[in-house]
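The values are calculated or read from the model by the stated rules, or taken from the named source; none is laboratory data. Every value quoted in this text rests on a predicted model; they were computed, and no experiment measured them. Because the Cβ atoms are built from the backbone with ideal geometry, glycine has one as well, and the counts that use them run over all protein chains shown. Each accessible area value is taken on the protein alone, full model and side chains, heavy atoms only, with ligands, DNA and RNA left out. Shrake-Rupley method; radii C 1.70, N 1.55, O 1.52, S 1.80 Å.
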Amino acid sequence: MKAPVERVRRLPLWQPLAVRDFRLLWLGQSISLFGDQFYLVALYWLVQHVSGSGVALGTVLMVAGASQALFQLIGGAVGDRFPPRTLMLGSDILRTAITLLITLIVYLNVTQLWHLYVLSAIFGSVEAFFYPAYMSAIPMLIMNDHLPAGNALLRGTRRLMASIGPPIAGVVITSVSLTAAFGIDAITFVLSAITLWLMRQRRREETAEDAQAGAIRSATPEGLIKSIGDGLRYAFNHKIVWPLLIYVSVIEFSFVGPSTVGLAVMARQRFGGDEGASALGWMLGAFGAGMLIGMLLAGSLRIKQHRGRLIITLVFTIGLGLAMLSFATHVIWAAVVLALMGLGGGLANILILSWMQETADPRMLGRVMSLMMFAVAGLEPLSFLLAGIVADVSLIWVFIGGGTIMIITSLLSLGSAILNAD
């Protein structure tokens, strides 16, 4: 029995957990992500209860997303001037306070829609400071060789919690109360903050020169606008970071709209009637399962050679699969294609993120991560809008259009620096 356990422990996927601080980060974020599902489900029900309007729910979520996007670049600049652990800990404390406030107004039954707009905006702005720090902390805790495994564990856990959390949250809301659901989320933020407080966090391989530069930056910090500009110039001139940011943007723009709006329209039009909702569930489930497997696979395999070629191939394949969805006439066919696309997407996700963390200057990493998240936050609503407009004209072109953009991007990348970068 001991031998198989030892073999499992030696798998690359589990090796980051041997590092105490990473283990604490993973544990705290797993708990927090589980609590986030309670917050989301409870928020959906609360807005419906207060307003009875789908538009109200959409605008509450839009306000949260817009505030996060608005402060994203600032969050990255601040993240490069302060220790990530400090920013994450402060963010968790603030999010605990916000969630407790929501819990209180729900308990007192005094909730008004404007409360949710204001608190969602504050919540989104706080998250804009948390996530660049969170993503830049990972390469400080583990070695470069373990970055794919570390990212796979963290992102795979996020997907797992998004799968198991909502059903449990629904049971709590139904059998206990909305107040309990928000209260549980607040408790998970407290537990996450405790794990962050327990971390020792030392920047690995920090040199005296790095420490001196950090002290100078702390004593005479650049203005935020200049700091953001420096980050933009650094990313634009980097032969690896910039192409990877382009890939993230293209994937987000080309895929998110078709995979949400397009699949929902497909389920209604092609697999409609009583089976439409079930078909949508199977398709989304197949993609999610493939994505999780792809992430775990990326973390289990030490892919160092020809990463650029592999990423280009994956983007081409995903684009081809997206275009093929336009001809899917049966839910099983669509689910199989989506599962394979998810597998490729999970691999590409971890490879791109890990390569970016490994390559970027640690002094710029917060700004680089914020640029990536800013691209996602900015392009996601546009992708939703365009997919909806095109779907009203022709469902086929929603998938063909998105797939074509990804295929063209991958072909154009055959002449880019990342093809032979490693």
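Details
- Between the beta carbons of Ile93 and Arg200, assuming R0 = 22 Å, the FRET efficiency works out to 0.70 to the nearest 0.05.
- A straight chain from Thr86 to Val171 at 0.36 nm per residue would run longer than the Cα-Cα distance by 27.1 nm.
- Remark: segment 281-290, residue by residue, has Karplus-estimated 3J(HN,Hα) of x, 5, 5, 5, x, 5, 5, x, 5, x Hz, where x stands for each Gly or Pro and the curve is 6.51 cos²θ - 1.76 cosθ + 1.60 at θ = phi - 60°.
- Estimated FRET transfer efficiency when R0 is 60 angstrom, pair Tyr107-Ile389 (beta carbons, to 0.05): 0.90
- Cβ-placed point charges (K, R +1; D, E -1), dipole of segment 297-369 about Cα centre in debye, nearest 20: 220 debye
- Given charges at Cβ of Lys, Arg, Asp, Glu: the chain dipole, positive-most of Met291, Trp14, Leu412: Trp14
- Segment 46-156, relative contact order in percent, only Cα pairs under 8 angstrom and at least six apart counted: 41 percent
- Karplus-based coupling profile of segment 104-111, in residue order and whole Hz: 5, 5, 5, 4, 7, 6, 10, 5, with θ = phi - 60° in 6.51 cos²θ - 1.76 cosθ + 1.60 and x standing for Gly or Pro.
- Cα-centre dipole for the chain with unit charges at Cβ (Lys and Arg positive, Asp and Glu negative), debye to 20: 920 debye
- Computed about the Cα centre, the dipole magnitude for segment 18-114 is approximately 180 debye when only Lys and Arg (+1) and Asp and Glu (-1) carry charge, each at its Cβ.
- ³J(HN,Hα) computed for each position of segment 393-408 - Karplus, 6.51 cos²θ - 1.76 cosθ + 1.60, integer Hz, glycine/proline x: 8, 7, 4, 4, 6, 4, 7, 5, x, x, x, 5, 4, 5, 5, 4
- Label assignment, semi-axes √(5λ) of the Cα gyration tensor in Å derived from the structure, set (1) 32, 29, 22; (2) 36, 22, 20; (3) 31, 25, 23: (1)
- Segment 263-317 - percent of accessible surface contributed by carbon and sulfur, probe 1.4 Å: 65 percent
- Dipole of the chain, positive direction: furthest Cα of Ile122, Trp26, Ile228, with charges on the beta-carbon: Trp26
- Summing +1 for each Lys or Arg and -1 for each Asp or Glu among the other residues whose beta-carbon sits under 11 angstrom from that of Phe130 gives -1.
- Nearest-0.05 FRET efficiency for Gln48 and Arg302, computed from C-beta distance (R0 35 Å): 0.15
- The chain, helix-only ellipticity at 222 nm - DSSP H runs n ≥ 4, -39,500 (n - 2.57), divided by all residues, nearest 500: -28000 deg cm²/dmol
- For the chain: relative contact order, % (alpha-carbon pairs under 8 angstrom, 6 or more apart): 26 percent
- Using heavy atoms of the protein chains and a probe of 1.4 Å, the accessible area assigned to Glu380 is about 70 Å².
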